[in-house]
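Below: one structure, written as structure tokens.
Any read-out appearing in this document is the output of simple, stated calculations on the displayed coordinates, not a laboratory observation. If you're wondering where the values come from, they're calculated on a predicted model, not measured in any experiment. So basically every Cβ, Gly included, is an ideal-geometry build from the backbone, and we count neighbours across all protein chains shown.
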Amino acid sequence: MSDIADRVKKIVVEHLGVDTDKVKDNASFIDDLGADSLDTVELVMAFEEEFGVEIPDDAAETILTVGDAVQFLEKNAG
Amino acid sequence: MFDLTGKTALVTGATGGIGEGIARALHERGATVTLSGTRAEKLEALAADLGERVHIRAANLSDREAVDALVPAAEGAMGGLDILVNNAGITRDNIFMRMKDEEWDQVMEVDLTSAFRLTRAAIKGMMRRRYGRIIGITSVVGVTGNPGQANYAAAKAGMIGMTKSIAREVASRNITANAIAPGFIETAMTDALNDKQRESILQSVPAARLGTTLDIAAAAVYLASEEAGYVTGQTLHINGGMAMI
């Protein structure tokens, strides 16, 4: 597992208060992890802070699963 | 109670009567304030009078670029933004049948759209810090209507609906959104009334006097305070009883 994936999963666990083993790559924040739309906004903000990147709204809207986030950050985080 | 020491606030329309009253009151309770208004000289005079903990930024809220620059500037100057007071407003009165598109658009832009854009910009930082107080200065006419003010009443009613929606979205993050609806308040706007108009207004006010900017500022201090954390989505009517809603 990449370092980025580890950090993403840690943030998701902390923010949504879910068990680590539930935070799989294909887990949907809303459908599988119980996030509401405001939680997803906050997750994106937390990713921005952790990785020092700006995630524009149109990109944020495509980040629906843990894997989406990891993929985006692997591509865009320096 | 109602101590605002360490809190940061942005007040728009701070060169108007009500805005200045709110700015002074928040500052007096200990808040660091950023004051925005169209008249740079008046802002400078106000800042000089208040002394420390004051930043000023002239901005015309009909200019969207100026609007969008305001919150980042305030956050930059104060290191954050806890309290946003959307107070700036204009009137362009006309009877409805004669109301021009420009009169409608200008009022919507300054009174409602700027509040939307400023709040959208401010709320992200509030979410991060898990604290926020959003206060919109609406008007009694947003609820009762007023002949000659369809544009103003629509914008002010819009602000109430927007406030309630924001309140529902972010209440769980310790951010409140409320509106204050002044009735007739003694300002330059009401100074322009003649004696006959003034008398006829007072007949509709059980308190038999116009309100003061302090009446409004006191409500703003309350809604901005930690103590008002369980109050959200509300419209506080301050009108001497002229409308009981």
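For this structure, a couple of remarks:
- With neighbours defined as other Cβ atoms within 10 Å of a residue's Cβ, the residues B:T232, B:T190 order from fewest to most as B:T190, B:T232.
- Computed over chain A: relative contact order in percent, which uses C-alpha pairs under 8 Å that are six or more apart: 36 percent
- As a proxy for reagent exposure, ranking A:F47, B:F116 by other Cβ atoms within 10 Å from fewest up yields B:F116, A:F47.
- Most mobile of B:P72, B:P182, B:P147 in a GNM of chain B (Cα contacts under 10 Å): B:P147
- Stretchable slack from B:R129 to B:E44, in nm (0.36 nm times residue separation minus alpha-carbon distance): 27.6 nm
- Normalised contact order of chain B, rounded percent, pairs of Cα under 8 Å and 6 or more residues apart: 20 percent
- Pair B:A69, B:E52: separation of 7 Å Cα→Cβ label points (nm): 3.0 nm
- One Cα centroid belongs to the range A:16-78, the other to the range B:1-64; the line between them spans 38 Å.
- Cβ-based charge dipole, chain A, positive-most Cα from A:G67, A:H15, A:I30: A:G67
- Alpha-carbon gyration tensor eigenvalues x 5, square-rooted, for the range B:113-245, Å: 30, 15, 12
- Per principal axis, descending, Cα span of the protein assembly as shown in whole Å: 79, 46, 36
- The distance between label points at B:D93 and A:D25 comes to 6.7 nm (points 7 Å beyond Cα on the Cα→Cβ vector).
- Think of each Lys and Arg Cβ as +1 and each Asp and Glu Cβ as -1; about the Cα centre, that makes the dipole of chain B roughly 720 debye.
- Acute angle (nearest 10 degrees) that the helix B:64-78 long axis makes with the longest principal axis of chain B, alpha-carbon atoms: 40 degrees
- For the protein assembly as shown, a crude dipole built from +1 on the beta carbon of Lys and Arg and -1 on the beta carbon of Asp and Glu, taken about the Cα centre, is about 1000 debye to the nearest 20.
- q = 0.10 Å⁻¹: log10 I(q)/I(0) that the Debye formula gives for the range B:10-165, counting C-alpha atoms only: -0.35
- Result for chain B in a Gaussian network model with C-alpha springs under 10 Å: among B:E20, B:E52, B:E186, the largest mean-square fluctuation is at B:E52.
- Distance from the Cα centroid of the range B:115-129 to that of the range B:170-193 is 19 Å (rounded to whole angstrom).
- Simple point charges give the picture: +1 on the Cβ of Lys and Arg, -1 on the Cβ of Asp and Glu, and for chain A a dipole about the Cα centre of about 280 debye.
- Distance histogram in 5 Å bins (all Cα pairs of chain A, percent per bin): 3, 17, 34, 29, 15, 3
- Choice from B:G80, B:G148, B:G21 with maximal GNM fluctuation in chain B (Cα, 10 Å cutoff): B:G148
- When the trypsin sites (Lys or Arg not before Pro) in the range B:153-245 are filtered for DSSP coil states and for at most 16 other beta-carbon atoms within 10 Å of their beta-carbon, the remaining sites are B:R209.
- Fully extended contour minus Cα-Cα distance, from B:R198 to B:K100, at 0.36 nm per residue: 32.5 nm
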